[in-house]
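The values are calculated or read from the model by the stated rules, or taken from the named source; none is laboratory data. Keep in mind that this is a model prediction, so the values were computed, not measured. Here the Cβ positions follow ideal geometry from the backbone for every residue, glycine too, while neighbour counts run over all protein chains shown.
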Amino acid sequence: MNRRRAVLRGVAICASLVGLVAATTGAASADSGRYGGNLEAASAAIPAQAGDVATDSSNQVQRPWGGSIRGSAVATSSATCDGCQATAVTMQVIYTRHVHAMTVDNVAAAWSSCTACSGSALSLQVVIARKAGLVRANNRSLALNVACVQCSTAAAAVQIVVIAPSMRELSRQALNDIAALRDELAAELATQLAPVAQAPAVQATPRGQALAKPSAVTPNARQALTTATTQLQSVITKDLGASSATHDLQVRTG
């Protein structure tokens, strides 16, 4: 019962972060001509049974042409079976040429509740706006181990907002470079998943609330992730001739 309560608490925490976002995952796609409404990209890696390895990815290029838009990018990995691994990667590129106002949310969440398991989640969101002041951005990550033994999690949310008055699109070469850097980010994030033989066991407290304290991202990994994020911004701004750009990197390990 104590473990059940701890798991339910972990589910509630993850749900509160991810929110009510629901989206189709899978191969790359383009969403053109939408006026107003929601733009969504999501990946969810959920192993089904002990020893499974689950991976999921979503790559979306979206082009709304007017109105008020809400854009959501989510990557979620959930390892709840012994000895399993979960990896989720999302990439969303949004061109906001004629949008009046836009709110964008980028979330990466990884959690585990099992023995000798691991999960990682990477969400990369790129927003290209024609002028400053149109975009309100939120960027969050969560990595959580709940009532588990020898488990580890890692999550990174990377959000880049670019102001490009030229309104041209990224070249094929730039998109290829962005995809390569996305893969580099995912690989670096995976280095934060400790080998199960070295991962500390998490013991339930007498009240049954066995939420593991987040572990620190290693300095080398943080530097590598920061460098890759900076390179991403540089590739995008140079290709578009952007007037300005900002980025935010949120990394958590559990």
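Here are a few things to note about the model shown:
- In this structure, ARG168 qualifies as touching a residue at least 40 places away in the same chain (Cβ under 8 Å), within 21 Å of GLN231 (Cα to Cα), of a type in the set (Lys, Arg) and part of a loop (DSSP other than H, G, I, E, B).
- Failed item, numbered, when THR24 is tested on (1) under 18 Å from ASP105 (Cα atoms); (2) among the hydroxyl-bearing types (Ser, Thr, Tyr); (3) modelled with pLDDT of 95 or more: (3)
- Every test in (1) closer than 23 Å to GLU184 by Cβ; (2) of a type in the set (D, E, K, R); (3) in contact with a strand residue (DSSP E or B) (Cβ under 6 Å, 6 or more places away or on another chain) is passed by ARG172 save one, and that test is (3).
- Subset of segment 211-249 that is in a helix (DSSP H, G or I), farther than 16 Å from ILE163 by Cβ and among the polar types (S, T, N, Q) - its residue that is modelled with the lowest pLDDT: ASN220
- Extreme residue, nearest to ALA164 (Cα to Cα), among residues of segment 99-112 that are touching a Lys or Arg at 6+ places or on another chain (Cβ under 8 Å) and of a type outside the set (A, V, I, L, M, F, W, C): THR103
- Of all the numbered requirements in (1) under 20 Å from the mean Cα position of the chain (by Cα); (2) at pLDDT below 95; (3) among the charged types (D, E, K, R), ARG34 misses one, and that requirement is (1).
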